[in-house]
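Below is one structure, written out as structure tokens, with a few remarks after it.
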Amino acid sequence: MSAAPRLAGLDALRGIAALLVVGLHANAVFGGLGAFSKGYLGVDFFLMLSGFLMARITEPRLAAGLSPQRFMVARYKRFWGMVALGSLIGMPYLWIRAGGEWWPFLPALIANFALLPWPVANLLFALNIPAWTIFAELVANGAHVFALRHLSDRVLAVLTLILSGLIVWVALAWGSLDVGARPGHVWAAIPRVFFAYCLGIMLWRWRQERVLVPLPAPLVLAAMPIAIMGSWYGDWRTWQFDLAFVVVLCPLVISAATAITRQTWLGWLSGAISFPLFAIHLPILEAVRELGGGKWQAIPLALCAALIIVWWTNRRDARKALAQA
């Protein structure tokens with residue numbers, strides 16, 4: 001079975017969401033970027049998009065004979081390499097977080113390098129904090145290929161409805177959906193992760209590439225940044241905003257973006273850079289801070305590093321294709 005064609009609009013949205021997360025962490029490390037304080041909602045977008053694309057691309061491949069075990073091994077390998085690179089950069093800062101002690105530095109180093117949580121300094125992935133999201137996506141992907149894909153539309157809808165009640169409880173209990181990175185609220189991350197993910201699956205099953213609400217392409221691409229920064233300047237930094245972002249805005253922009261089929265170099269680049277940037281940016285920001293630099297040195301450096309990774313990866317893939325020709 002041939003692979004489903006890439007959707008240019010979703011590639012562009014992926015890069016935009018990654019930049020929102022970079023803004024969030026740059027504000028946490030350096031300050032001065034409060035408009036990105038809701039950037040953690042980019043994670044919910046990524047999870048919903050993952051569910052949508054897994055239902056669109058991977059479910060047909062599994063139906064055609066791909067084994068779930070083989071898929072998960074390939075998925076882990078794809079995620080691990082990039083996160084491990086960010087983890088290498090983050091090793092000195094893990095040492096600082098571990099108080100300069102081999103325990104808990106060494107077990108956290110081993111576990112986090114393997115993309116497994118290990119609590120240090122009230123963080124599950126002190127080596128590379130955003131790795132918790134990658135771990136969560138892997139768990140959701142595993143649940144998808146082994147169980148969720150077998151659920152009927154009705155059962156999946158009931159499960160999503162139950163998760164919607166739990167996510168409201170999470171938002172009320174913690175005042176936001178910014179949960180998952182720390183041991184104290186790791187259990188609250190379960191409904192957060194699976195609600196967004198299952199809603200993505202439901203969106204594909206319900207509408208596929210039929211748009212929920214037609215929107216102009218510039219508005220589709222600008223909607224998430226406008227909402228995130230508007231919540232800051234409009235002083236609407238509440239849990240209700242978080243729920244509205246996930247339940248309303250994310251499905252609307254994912255659905256509307258499927259109508260954007262024209263691939264531009266900028267859209268392709270933003271999609272290609274999104275995962276490298278997500279995986280390595282925070283260790284780079286922290287390293288620049290330790291060296292006395294500021295956010296306007298750190299953010300371009302993270303972007304340049306991600307661009308170099310994309311260039312090197314494309315060059316390697318081109319060589320492999322040439323060797324196999």
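The values are calculated or read from the model by the stated rules, or taken from the named source; none is laboratory data. From a predicted model like this one, the values you see are computed outputs, not experimental measurements. FYI the Cβ positions are ideal-geometry reconstructions off the backbone, even for glycines, and counts take in every protein chain you see.
Wholly within segment 227-325, which helices (runs of 4 or more DSSP H) include no fewer than the required count, namely at least 2 residues that are without any contact (Cβ under 8 Å) to a residue 40 or more places away in the chain and among the small types (Gly, Ala, Ser)?
The qualifying helices (runs of 4 or more DSSP H) are 295-324.
For segment 92-119, give me each residue that is over 24 Å from residue 138 (Cα atoms) and surrounded by fewer than 18 Cβ atoms within 10 Å (Cβ to Cβ).
92, 95, 96, 99, 100, 101, 102, 103
Yes or no, residue by residue, for (1) in contact with a Phe, Trp or Tyr (Cβ under 6 Å, 6 or more places away or on another chain); (2) closer than 30 Å to residue 204 by Cα; (3) among the β-branched types (Val, Ile, Thr):
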residue: 234; (1), (2), (3): no, no, no
residue: 243; (1), (2), (3): no, yes, no
residue: 253; (1), (2), (3): no, yes, yes
residue: 269; (1), (2), (3): no, yes, no
residue: 301; (1), (2), (3): no, no, no
residue: 316; (1), (2), (3): no, no, no
residue: 320; (1), (2), (3): no, no, no
residue: 324; (1), (2), (3): no, no, no
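Go through segment 161-173 and report how many residues are surrounded by 15 or more Cβ atoms within 10 Å (Cβ to Cβ) and without any contact (Cβ under 8 Å) to a residue 60 or more places away in the chain.
Matching residues across segment 161-173 total 3.
Of the residues 163, 199, which is under 21 Å from the mean Cα position of the chain (by Cα), of a type outside the set (D, E, K, R) and closer than 27 Å to residue 64 by Cα?
199
Regarding segment 145-160, can at least one residue be identified that is under 19 Å from the mean Cα position of the chain (by Cα), part of a helix (DSSP H, G or I), over 18 Å from residue 39 (Cα atoms) and in contact (Cβ under 8 Å) with a residue 40 or more places away in the chain?
yes
If residue 282 passes every condition in (1) out of contact with any Ser or Thr (no Cβ under 8 Å at 6 or more places or on another chain); (2) farther than 15 Å from residue 19 by Cβ but one, which one does it miss?
Of the numbered conditions (1) out of contact with any Ser or Thr (no Cβ under 8 Å at 6 or more places or on another chain); (2) farther than 15 Å from residue 19 by Cβ, the odd one out for residue 282 is (2).
Condition check ((1) surrounded by 15 or more Cβ atoms within 10 Å (Cβ to Cβ); (2) modelled with pLDDT under 95; (3) under 25 Å from residue 169 (Cα atoms)) across all residues:
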| residue | (1), (2), (3) |
| --- | --- |
| 183 | no, no, yes |
| 202 | yes, no, yes |
| 227 | yes, no, yes |
| 235 | no, yes, yes |
| 241 | yes, no, yes |
| 252 | yes, no, yes |
| 261 | no, yes, no |
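For every residue, the table says whether it meets (1) under 19 Å from residue 146 (Cα atoms); (2) crowded, with 22+ Cβ neighbours inside 10 Å.
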site: 18; (1), (2): no, yes
site: 23; (1), (2): no, yes
site: 30; (1), (2): no, no
site: 53; (1), (2): yes, no
site: 88; (1), (2): no, no
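Taking only segment 290-308 into account, find how many residues are at pLDDT below 95 and either in contact with a Lys or Arg (Cβ under 6 Å, 6 or more places away or on another chain) or not acidic (Asp, Glu) (or both).
1
If the Cβ limit is 8 Å and pairs must be 6+ apart or interchain, which residue in segment 72-87 that is of a type in the set (Val, Ile, Thr) pairs with which residue that is part of a helix (DSSP H, G or I)?
83/131; 83/134; 83/279
Please work out if residue 78 is within 15 Å of the chain's Cα centre (by Cα) and surrounded by fewer than 14 Cβ atoms within 10 Å (Cβ to Cβ).
Against the criterion (within 15 Å of the chain's Cα centre (by Cα) and surrounded by fewer than 14 Cβ atoms within 10 Å (Cβ to Cβ)), residue 78 qualifies.
Considering only residues of segment 89-143 that are charged (D, E, K, R) and either outside any helix (DSSP H, G or I) or at pLDDT 95 or above (or both), which is nearest to residue 306 (Cα to Cα)?
Filtering segment 89-143 for residues that are charged (D, E, K, R) and either outside any helix (DSSP H, G or I) or at pLDDT 95 or above (or both), the one nearest to residue 306 (Cα to Cα) comes out as 137.
Out of 47, 53, 62, report the one residue that is in contact with a helix residue (DSSP H, G or I) (Cβ under 8 Å, 6 or more places away or on another chain), in contact (Cβ under 8 Å) with a residue 40 or more places away in the chain, more than 30 Å from residue 245 (Cβ to Cβ) and in a helix (DSSP H, G or I).
So the residue among 47, 53, 62 that is in contact with a helix residue (DSSP H, G or I) (Cβ under 8 Å, 6 or more places away or on another chain), in contact (Cβ under 8 Å) with a residue 40 or more places away in the chain, more than 30 Å from residue 245 (Cβ to Cβ) and in a helix (DSSP H, G or I) is 62.
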